[in-house]
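Peer 1: So that we are looking at the same thing, I have put the structure below in structure tokens.
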Amino acid sequence: MIGLATMASRVLGLVRDQMFAVFFGAGLQYDAFLTAFRIPNLLRDLLAEVPAYRAVVTREEEAAV
């Protein structure tokens, strides 16, 4: 089931990228569009997910001792 969901996600991502290429073409507008999405995702990865992951690892290490 997880494999099918992953495959569907990949296919839908390909379709999404193809649609963006049709509407934006290759140029500065498309690059700006992609950057507008990458910056918030990068900040979320750095500020939210890494500390949460570290907290889980710390709890597991303390429980093992």
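Peer 1: What do you reckon, is residue 22 in a helix (DSSP H, G or I) and surrounded by 10 or more Cβ atoms within 10 Å (Cβ to Cβ)?
Peer 2: Details: in a helix (DSSP H, G or I): yes; surrounded by 10 or more Cβ atoms within 10 Å (Cβ to Cβ): no.
Taking the combined requirement at face value, the residue does not satisfy it.
Peer 1: Only one of these is exposed (fewer than 10 other Cβ atoms within 10 Å of the Cβ), modelled with pLDDT of 85 or more and not small (Gly, Ala, Ser): 14, 28. Name it.
Peer 2: Answer to the selection: 28.
Peer 1: Any idea which of (1) under 15 Å from the mean Cα position of the chain (by Cα); (2) modelled with pLDDT under 80; (3) charged (D, E, K, R) is the one residue 54 doesn't satisfy?
Peer 2: Result: residue 54 fails condition (1) only.
Peer 1: Something else about it: Hey, among 44, 59, which residue is surrounded by 10 or more Cβ atoms within 10 Å (Cβ to Cβ), over 14 Å from the mean Cα position of the chain (by Cα) and charged (D, E, K, R)? Walk me through it before giving the result.
Peer 2: Working: 44 fails: over 14 Å from the mean Cα position of the chain (by Cα).
Just a single option satisfies the conditions, and that option is 59.
The values are calculated or read from the model by the stated rules, or taken from the named source; none is laboratory data. None of the values given here were measured: they were computed from a predicted structure. Ideal geometry is used to build each Cβ from the backbone, glycine not excepted, and the neighbour counts take in all protein chains shown.
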